[in-house]
Amino acid sequence: MHEYSIVQSLLNQCEEIAMKNDAKKVVKVVTKIGAMSGVEPHLLEVAFNTFKEGTICDSAEFIINKQKLKLECKECGGIFEVDEVRYFCIKCQSLKVKVVDGEDMYLMRLEME
Amino acid sequence: MCVDCGCSIRGIEEHTGEHSHDGGKTFHSHEHQKAHEHLHHNPQLNDAKTVSVIQKILDKNDHEADHNREHLQEKGVLGINLMSSPGAGKTTLLEHLGDVANFKFGVIEGDLETERDADRLRAKGIHAQQIQTGTACHLDAFMVHKGLHHMPLDDIDVCFVENVGNLVCPASYDVGTHLNIVLVSVPEGEDKIAKYPVMFRQADLILITKTDLLPYFQYDIEAEKAEARKIKPNVDILEVNVNDVQSVKAVAQWIEFKLKMRA
């Protein structure tokens, strides 16, 4: 259940950005959560809605854009998203793949008033 | 126009109460300053604002982790994060490494409660620093930073971070080590690697431990290795059984090799 720790980091981030922008409150928080980030989106949402109380995000809407694992093949050049966890090319089976997206958690956008 | 932010508040031309903040390059009147504050701090004059951020949520942790890594680097110490479920044999491995390793090491121990693991290692003459995480299910870079202050970094070659026993949460946190070793023991049963891919994806070395118990369990060790390489094609894998000193020596040799590669 490290989702609570992650939400604490996220709320601090929102607060800092809101202060920088002289905003009174945050109305929308948009995140991107990778399939291989190690975070369960549903739990993250529950944690956010529990811990936002009394913070600048008290009335904020929380949006999670789920990002599938996205790989780029260094052999055939293909870029593709995978549903199952596999780190090789779906076309040529090469193991020389680079992770393009889907392993991290990002704060993407904030809407403030 | 205001040279600081480009706003068009009048006042900069008036010379009442003129002063400079930067040695005479620009001048503000107090009237301008007042109007400025009114504009920027009056919420009614501020419209809804959308800011594109694109920042990692664990940005602060990652920054601290980089700091830890630099600190270890300066001291010429290799940092290794040990992760596994509870009871896979992290502390037992460290106890046995103490007997065979040609390098000196210290251990930062993460547990929810008790000093027991640190005490076990100290009994073996290994420098151990316990971090009690309370209810936290993982170590983060800030906790490890505190632990590093109690490590005799000038006297050791390797600093292990023995993470909280857990195959889920520690995988999301960079604690600032150079390498990750993930242990999985035979009695935990098959499919652990496939079920916890985020953790095994982080591994530079996977240790399949308690292999002396293989005759008593239905455990297809080759299938587990194949599963691991689906998740991380270039991962190193060793079989470990602490009753077989050669298998522990192999782990020590892997670490010695990595030490040489960073000289």
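All of the numbers you see were taken from the coordinates with simple rules; none came from a lab. Note that the structure is predicted; figures quoted are calculated from it, not measured. Virtual Cβ from ideal backbone geometry, glycine too; neighbours counted across all protein chains shown.
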Open item on the list: Rg/Rh for the stretch B:47-139 to two decimals, with Rh computed the Kirkwood way over all alpha-carbon pairs.
Closed with: 1.13
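Quick one: B:Ser85, B:Ser52, fewest Cβ neighbours within 10 Å first, how do they rank?
On the way: B:Ser85 18, B:Ser52 9.
Ascending number of Cβ neighbours within 10 Å: B:Ser52, B:Ser85.
Work through the residues other than B:Val198 whose Cβ is under 12 Å from its Cβ and net out their charges, Lys, Arg +1 and Asp, Glu -1. If you can, show how the numbers build up before the last one.
Numbers: positive: B:Lys195, B:Arg201, B:Lys232; negative: A:Glu40, A:Glu103, A:Asp104.
Net charge in that neighbourhood comes out at 0.
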TODO: Using a cut-off of 15 Å between beta-carbons, work out the net charge of the residues near A:Asp101 (Lys and Arg +1, Asp and Glu -1, A:Asp101 not included).
DONE: +2
Task: Globularity index of chain A, i.e. its alpha-carbon radius of gyration over 2.2 N^0.38 Å - done: 1.29
Task: Per-residue Cβ neighbour rank within 10 angstrom, fewest leading, A:Val100, B:Val251 - done: A:Val100, B:Val251
- [ ] Kindly provide the pair-distance distribution of the protein assembly as shown built from C-alpha pairs, with 20 Å bins from 0 and whole-percent values in order of increasing distance.
- [x] 24, 46, 22, 7, 0
Open item on the list: Nearest 10 degrees is fine. How inclined is helix A:3-20 to the longest principal axis of chain A, computing both from alpha carbons?
Closed with: 60
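Mind checking the alpha-carbon convex hull of the stretch B:191-263 and giving the volume per residue in Å³? Before the final figure, lay out each step's value.
On the way: hull volume 6.4 nm³, N = 73.
Considering the Cα atoms of the stretch B:191-263, their hull volume per residue is 87 Å³.
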Open item on the list: Under 28 Å between alpha carbons: how many lysine pairs meet that in the stretch A:30-113, if sequence neighbours fewer than 8 apart on the same chain are excluded?
Closed with: 23
Task: ³J(HN,Hα), Karplus 6.51/-1.76/1.60, whole Hz, each residue of the stretch B:148-156, x for Gly, Pro - done: 4, 5, 9, 9, x, 4, 6, 9, 10
Task: Percent of Cα pairs exceeding the 20 Å cut-off, where the set is the stretch B:59-260 - done: 53
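Restricting the count to DSSP beta bridges whose residues both fall in the protein assembly as shown, what percent are antiparallel, rounded to a multiple of 5? Don't skip to the answer; put the middle values down first.
Details: 23 of 60 bridges.
Here the antiparallel bridges make up roughly 40 percent for the protein assembly as shown.
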- [ ] Between beta-carbons, use under 12 Å as the cut-off and find the net charge around B:Trp254, counting Lys and Arg +1, Asp and Glu -1.
- [x] 0
- [ ] Report, in whole Å, the centroid distance computed from the Cα atoms of the stretch B:126-192 and the stretch A:29-64.
- [x] 27
Open item on the list: Please arrange B:His127, B:His63 by how many other C-beta atoms lie within 10 Å of their C-beta, fewest to most.
Closed with: B:His63, B:His127
Task: Residues with amide H under 5 Å from that of B:Ser185, placed H, sequence gap 5 or more - done: B:Thr209
Open item on the list: Taking θ = phi - 60°, what integer Hz values does the Karplus form 6.51 cos²θ - 1.76 cosθ + 1.60 yield along the stretch B:225-236, in sequence order, with x for Gly and Pro?
Closed with: 5, 5, 4, 4, 7, 6, 7, 9, x, 9, 6, 8
Task: Euclidean distance of C-alpha centroids, the stretch B:99-124 and the stretch B:44-92, integer Å - done: 23
